[in-house]
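So the structure is just underneath, and the comments pick up after that.
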Amino acid sequence: MIRGRDYWKVNSRWKCNEMAKDNDRAKPSSRPVWSGSITIGLVNVPVKLYTMIHDQAFSFRLLHKDDGQPLRYERVCIKEDKVIDWKDTVKGYEIRKNEFIVFKKEELDAIRPESDERIRLDKFVSLLSIDPVFFDKSYILVPDRSEEAYSLMMTVIAQMGKAGMGKVTIRTKEYPVVVYEYKGSLILTTLRYAYEVVSPGDMEELSGLKKPGKKEMELAEKIIKDLSGEFDITEYRDGYKDRMEKLIETKMKGEVVVAQVPKKEEVKELMVALQETIERLRK
Amino acid sequence: MAAYSFINPFDNIIMMNDLTRVSFTNPEKILYPGLELKKSRVIEYYIRIAPRMLGFIKNRAIVMNRYPNGIDKDGFYEKDAPAGIPPWVETFNKYSEIAEREIKYIIANNLDTLIWMANLAAIEINITLSTIDNYETPDLVFFDIDPEPPCSFDNVIDIAFLLKEKLDELNFRSFVKTSGKKGLHVVLPIIKSYNFNQTREFVHQFGKFLARESDLVVSEFRNSQDPGTVFIDYLQNTPGKTMIAPYSLRAQPDAPVSTPLEWKELKKGLRPEEFNIFTVLKRKNDPWERLLESKQSLEV
């Protein structure tokens, strides 16, 4: 199961990379991850949520060095040293090293947040006032047979430079979110909770910083001014990713059969039959 | 001998197969559910029968009958080479007036192509009655003895012998195989000097003759579905039409094989299912071994 999923991941990433190379853009998802409504008081705007961020990191499969076959992950009991079926597993929370509280599935399900298909916005703030350190993951919101309401909401918050603050439950997790306008679309960005973000004030090295002098400030300002420009993310490329893609392409061209040869019993039998037939055909 | 060669994974190719260019996919897929036969068994059958089969199907356009989800699910005919065909599979382009485009037929002149087809779940392999160097000129005359229930296989054997006697009388050397289903196939190898109109008419004439000799036999297509009759089907003797290849498996519950037989093996009580994926490989001789060397003139 792990194997199948990983394989898909590798392939879809590869396709994403191909797209990205052409126009510096990730490929849009074909299916929404969530659908529901933005609610502001009594106002509802039905929307669908599409993934906006595609992680483009390369991942490798671990293979057996001797025969090139993919390795499978297994759950091994450390006491009995034998493989345990999924059905024989429970979840444990480690309270101290090697001490666990055990949870039944029902217990965990009971306290899990329920997705009520709502993005509840209860406050509008200036978009620029949100510290970027809290931004986590962005999604594109598209209207779900609600074009007029969607357009109204997008236009008004864009004009006022505002972002709606609120919360949403996606799958089984509740997130703080901001909703704002970007390139003619409403964007939902999940935020980090305050307790997930380290406060710089807690760093000792920062407590005794001296105030810079006037002369130094003037010089530094000049340097910054000289280097000022527009934000353009496409100026940056992941050199490692480019080299990796090139390497993969070269290897694929060199008549490289990346053998996904299933080394199953069935195939072993076929190899025997093949050897015998090839012998006979030689005569 | 190692099945795979292995090269440093950080350097070049991960691994390649020494024995075949075919990568097997889903070998554990069940193709004959009644017998719980996996695709790997079908591939193995074709690997092992290849020495008998390859000479016969050589240079003939192939029509595959594929059953990727097993024989109890819908199969499909495939004349045109499927997308993603490996570069080493030979093809033969022929304009089809019916399809109004070029058909890219598969030619199986080597073991790998046969295995590749088996891996596509091409359980049934059909071949033309001519070779691609002379597509419009048949080198086989094909009598398809096709019974309609409640005719028995014994009836079919009787009719086949009636046909053989007549052919013998006229000094034709005939070869017989089971169709793998309910019928028998009689084949005459001929020199390449006739067209399909001539061979088709030749077979049709024999059908008419047998219809006069036996109440069971019908010679016309319109009667071919009449219950309790045996139709001498002459219609496959047409450019581009095919015959199930000798030693091809059939998509029937017992995994039967269209099996070349000696005439003397045809005895009452014989059941065509006796010749199947399990038994055919054990047969010592190939009664059709010299078929292609026995080319004859159709002149009487």
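Every read-out reported here was derived from the displayed coordinates using simple, explicitly stated rules and does not represent laboratory data. Everything quoted here is computed from the prediction, not taken from an experiment. Reconstructed Cβ throughout: ideal geometry from the backbone, glycine too, with neighbour counts over all protein chains shown.
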Rounded to the nearest Å, the spacing of the alpha-carbon centers of segment A:153-181 and segment B:200-247 is 77 Å
So, by mean Cβ neighbours within 10 angstrom, what's the order for B:277-283, B:244-250 with the highest one leading?
-> B:244-250, B:277-283
Using the structure shown, select from B:K104/B:K284; B:K94/B:K295; B:K94/B:K192; A:K27/A:K183; B:K208/B:K268; B:K29/B:K282 the pairs with a Cα to Cα distance greater than 28 angstrom.
-> B:K104/B:K284
Out of B:G34, B:G207, B:G75, a Gaussian network model of chain B with alpha-carbon springs under 10 Å gives the largest mean-square fluctuation to B:G34
For A:R120, net neighbour charge (Lys/Arg +1, Asp/Glu -1) across residues whose Cβ lies under 13 Å away | -1
Using alpha-carbon positions, the gyration tensor of chain B gives root eigenvalues a ≥ b ≥ c; with a/c under 1.5 called rounded, otherwise prolate if a/b exceeds b/c, else oblate, the class is prolate
Highest GNM mean-square fluctuation, chain A, Cα pairs closer than 10 Å: which of A:A110, A:A273, A:A26?
-> A:A273
For A:K246, go through the lysines and keep the ones whose alpha-carbon is under 17 Å away, minus same-chain ones fewer than eight residues off.
-> A:K15, A:K21
Exercise: per-residue mean of other protein chain Cβ atoms within 10 Å, B:23-29 | 5
Normalised by the number of residues in segment A:63-143, what is the relative contact order in percent for Cα pairs under 8 Å and 6+ residues apart?
-> 11 percent
Two-site label geometry, B:D226 and B:K268: point separation in nm, points 7 Å out along Cα→Cβ | 2.5 nm
Could you tally the net charge around B:F142, taking each other residue with its Cβ under 10 Å from the Cβ of B:F142, Lys/Arg +1 and Asp/Glu -1?
-> 0
Rounded, prolate or oblate (a/c below 1.5 giving rounded, otherwise prolate when a/b exceeds b/c) for segment B:216-300 by Cα gyration tensor | oblate
Mean separation of Cα contacts under 8 Å, 6 or more apart, over the residue count of chain A: relative contact order % | 15 percent
Do any trypsin sites (Lys or Arg not before Pro) in segment A:39-144 lie in a DSSP loop with no more than 16 other beta carbon atoms within 10 Å, and if so, which?
-> A:R61, A:K65, A:R72, A:R75, A:K79, A:K82, A:K97, A:K104
Overall form of segment B:12-166 per C-alpha gyration tensor (a/c, 1.5; a/b vs b/c) = oblate
Rounded to the nearest 0.05, what FRET efficiency do B:N171 and A:I233 give with R0 = 56 Å and r taken as the Cβ-Cβ distance? Could you check?
-> 0.05
Enter the angle in degrees (range 0 to 90, nearest 10) between the Cα long axis of helix A:214-226 and the first principal axis of the Cα atoms of chain A, meaning the one along which they spread out most.
-> 60 degrees
Positive minus negative residues near B:N285 (Lys, Arg vs Asp, Glu; Cβ under 14 Å) = +3
Would you kindly state how much longer the chain becomes between A:D88 and A:D226 on full extension, computed as 0.36 nm times their sequence separation minus their alpha carbon distance, in nm to one decimal?
-> 43.2 nm
Residues B:Q198 and A:D109, FRET efficiency given R0 of 60 Å [Cβ-Cβ distance, rounded to 0.05] = 0.15
How high is the FRET efficiency between A:V142 and A:R192 when r is their beta carbon distance and R₀ equals 30 Å, given to the nearest 0.05?
-> 0.75
Comparing B:I125, B:I30, B:I115 in a Gaussian network model of chain B (Cα, 10 Å), the one with the largest mean-square fluctuation is B:I30
Give the relative contact order (percent, whole number) for segment B:86-225; include only Cα pairs under 8 Å separated by 6+ residues.
-> 19 percent
Run the quick spin-label model on B:E100 and A:K251: label points 7 Å from Cα toward the beta carbon, then report their separation in nm to one decimal.
-> 4.9 nm
Return the average number of partner chain Cβ atoms within 10 angstrom of each residue Cβ along peptide B:35-46.
-> 3
Between the helical axis of B:196-213 and the dominant principal axis of chain B, each derived from Cα atoms, what acute angle in degrees is found, rounded to the nearest 10?
-> 50 degrees
Could you tell me how many degrees, from 0 to 90 and to the nearest 10, lie between the Cα long axis of helix A:265-282 and the main elongation axis, the longest principal axis, of the Cα atoms of chain A?
-> 50 degrees
